[in-house]
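Worksheet: one structure, shown below.
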Amino acid sequence: MPSPGYRREMPQRYRMEAAKCKACGEVSFPPRIVCSGCGTREFETIRLSEYGKIITYTIIRVAPAQFSTQVPYSVAVVESDNGARLTTQVVDCKPEDLAIGKRVKFVFRKLYAEGHTGIICYGYKAVRA
Ligand SMILES: [Zn+2]
C-alpha cells in the first residue's frame, strides 16, 4: 500500500493545494500542520503556482528499487512563483539541459507503482517551461 504520508497528503497533491501562513506568509506544499517559518498553526489554502524555477538540482544515477528503471534522472528543489519550495523530479529533458534558475512548469504524472500490489501513485513533477 502507499505509505501513510503519501495517502495523508494525496488530496492536497491532487488539487495542488498549498498552505500560506497567516502570520508570516510562508507557503508550503504539501501543506504543513505547523509553519516552519514561525510556528503558527493558522493557514489559508491557496493554489500552488503552475510555474517555478530551479533552486538546486542533482542527477540520480543509483536509485531506490521503484525508480531504478528511470535512471539517470534529475531531482530538483523548485520554488513555485508563490514561494513554496518542493523537491520534485524534472522530466522530459536531459540532465545537461538543467541549470539553477531555469523556469519549470508543474505537471501531474505517475510517480511509481507500489511494490507487488502495483498500485500507482501520482503526483507532481516538473518539466522545463
Ligand atoms: Zn509562518
Exercise for the section: Can you confirm whether the stretch 97-113 contains a residue that is in contact with a strand residue (DSSP E or B) (Cβ under 6 Å, 6 or more places away or on another chain), hydrophobic (A, V, I, L, M, F, W, C), over 28 Å from Lys20 (Cα atoms) and in a loop (DSSP other than H, G, I, E, B)? Expected result: yes
Completion exercise
The lone condition Gly52 fails out of (1) more than 16 Å from the ligand (Cβ to nearest atom); (2) surrounded by fewer than 15 Cβ atoms within 10 Å (Cβ to Cβ) is (2)
Practice task
Hey, can you tell me all the residues within the stretch 31-49 that are surrounded by 14 or more Cβ atoms within 10 Å (Cβ to Cβ) and more than 16 Å from the ligand (Cβ to nearest atom)?
Solution key: Leu48, Ser49
Practice task
Might you let me know whether the stretch 9-27 holds any residue that is without any contact (Cβ under 8 Å) to a residue 60 or more places away in the chain, open to solvent by 40 Å² or more (accessible area, probe 1.4 Å) and of a type in the set (A, V, I, L, M)?
Solution key: yes
Fill in the blank from the handout: Cβ pairs under 9 Å, 6+ apart or interchain, first in the stretch 37-55 and free of Cβ contacts under 8 Å to residues at least 24 places away in the same chain, second more than 11 Å from the ligand (Cβ to nearest atom), ordered by first then second residue, are Arg41/Ile33
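Could you pull out the residue among Val90, Val104 that is free of Cβ contacts under 8 Å to residues at least 40 places away in the same chain and surrounded by 12 or more Cβ atoms within 10 Å (Cβ to Cβ)?
Numbers: Val104 fails: free of Cβ contacts under 8 Å to residues at least 40 places away in the same chain.
Unique residue meeting the criteria: Val90.
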Exercise for the section: Could you tell me whether any residue of the stretch 66-83 is over 16 Å from Arg128 (Cβ atoms), open to solvent by less than 70 Å² (accessible area, probe 1.4 Å), of a type in the set (Val, Ile, Thr) and within 16 Å of the ligand (Cβ to nearest atom)? Expected result: no
Problem - The one condition in (1) modelled with pLDDT under 95; (2) outside any loop (DSSP other than H, G, I, E, B) that Ile33 fails to fulfil - result: (2)
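The values are calculated or read from the model by the stated rules, or taken from the named source; none is laboratory data. Bear in mind that the values here come from a model prediction, so they are computed numbers and not experimental data. Note that each Cβ is placed from the backbone with ideal geometry, even for glycine, and that neighbours are counted across all protein chains shown. Keep in mind that these areas ignore ligands, DNA and RNA; they rest on the heavy atoms of the full protein, side chains included. Shrake-Rupley method; radii C 1.70, N 1.55, O 1.52, S 1.80 Å.
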